[in-house]
Amino acid sequence: MHKWSLEKFTYPWEHIVIDNFLPEEIFKILLCSIVNKDFAFSKSDFNDIKITYEDFYKQEVNDFFKQYINETFITEYFSAYRNYSALESHFTFQTTLLGDTSPIHCDNIVKILSLVLYTSPEIQIGTTLYDVNKKYSKTIEWIPNRAFIFCPLSDITYHSYKNEISVFRNTLNFNLLSKD
């Protein structure tokens with residue numbers, strides 16, 4: 001069983017940060033997939049280039065998420081989350097280009113859990129968190145293989161991200177979605 005050091009925070013809203021989230025060998029598989037561009041391209045609402053996992057499958061990555069980030073994880077670590085009757089998982093690999101910024105937002109209502117895994121480069125800007133009044137609270141520091149996890153709640157879990165440092169800001173985004 002994979003063990004990690006999990007830090008849980010309540011300010012400005014419940015979220016978790018896990019360093020060295022993926023075992024080293026699985027993280028290397030993911031990084032090789034990024035270099036090899038084993039993804040299908042699409043455009044997002046925020047002018048970012050998104051590369052989706054729908055046409056890409058790495059057994060090791062999928063198995064890890066299925067085993068550890070699931071309904072049990074939600075109920076064990078979060079006191080508040082959206083109602084759902086069944087869950088499905090979704091991966092998106094996202095590249096944010098230099099100069100791109102997402103607006104302050106809460107995730108779509110079908111998302112029950114959101115996980116952002118920082119992949120590359122070594123130095124970048126993490127995710128900025130805001131309180132319910134959309135006032136800056138803190139920024140999750142960017143460290144490759146760090147997972148930032150939260151259960152999106154409307155008008156509560158405000159956040160944003162940007163790339164002002166290098167050509168690319170690469171993340172693996174994993175969501176548990178309501179099938180309802």
Review point. How many residues are of a type in the set (K, R), farther than 21 Å from F27 by Cα and part of a strand (DSSP E or B) if we restrict to segment 156-180?
Key: 1
Practice item. Assess whether I143 counts as being modelled with pLDDT of 95 or more, among the β-branched types (V, I, T), under 22 Å from L22 (Cα atoms) and buried (at least 20 other Cβ atoms within 10 Å of the Cβ). Key: no
Revision key, fill the gap. Of the listed residues (L153, L129, L115), the one being surrounded by 15 or more Cβ atoms within 10 Å (Cβ to Cβ) and not in a strand (DSSP E or B) is L153
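Please enumerate the residues belonging to segment 132-144 that are in contact with a strand residue (DSSP E or B) (Cβ under 7 Å, 6 or more places away or on another chain) and outside any strand (DSSP E or B).
W142, I143, P144
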Exercise for review: Exactly one condition in (1) crowded, with 17+ Cβ neighbours inside 10 Å; (2) out of contact with any Asp or Glu (no Cβ under 7 Å at 6 or more places or on another chain) is not met by K134; state its number.
Suggested key: (1)
Point to revise | Of all residues in segment 7-20 being part of a strand (DSSP E or B) and surrounded by 14 or more Cβ atoms within 10 Å (Cβ to Cβ), the one that is farthest from the chain's Cα centre (by Cα) | key: F9
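The values are calculated or read from the model by the stated rules, or taken from the named source; none is laboratory data. Values in this document were obtained by computation on a predicted structure and should not be read as measured data. Because the Cβ atoms are built from the backbone with ideal geometry, glycine has one as well, and the counts that use them run over all protein chains shown.
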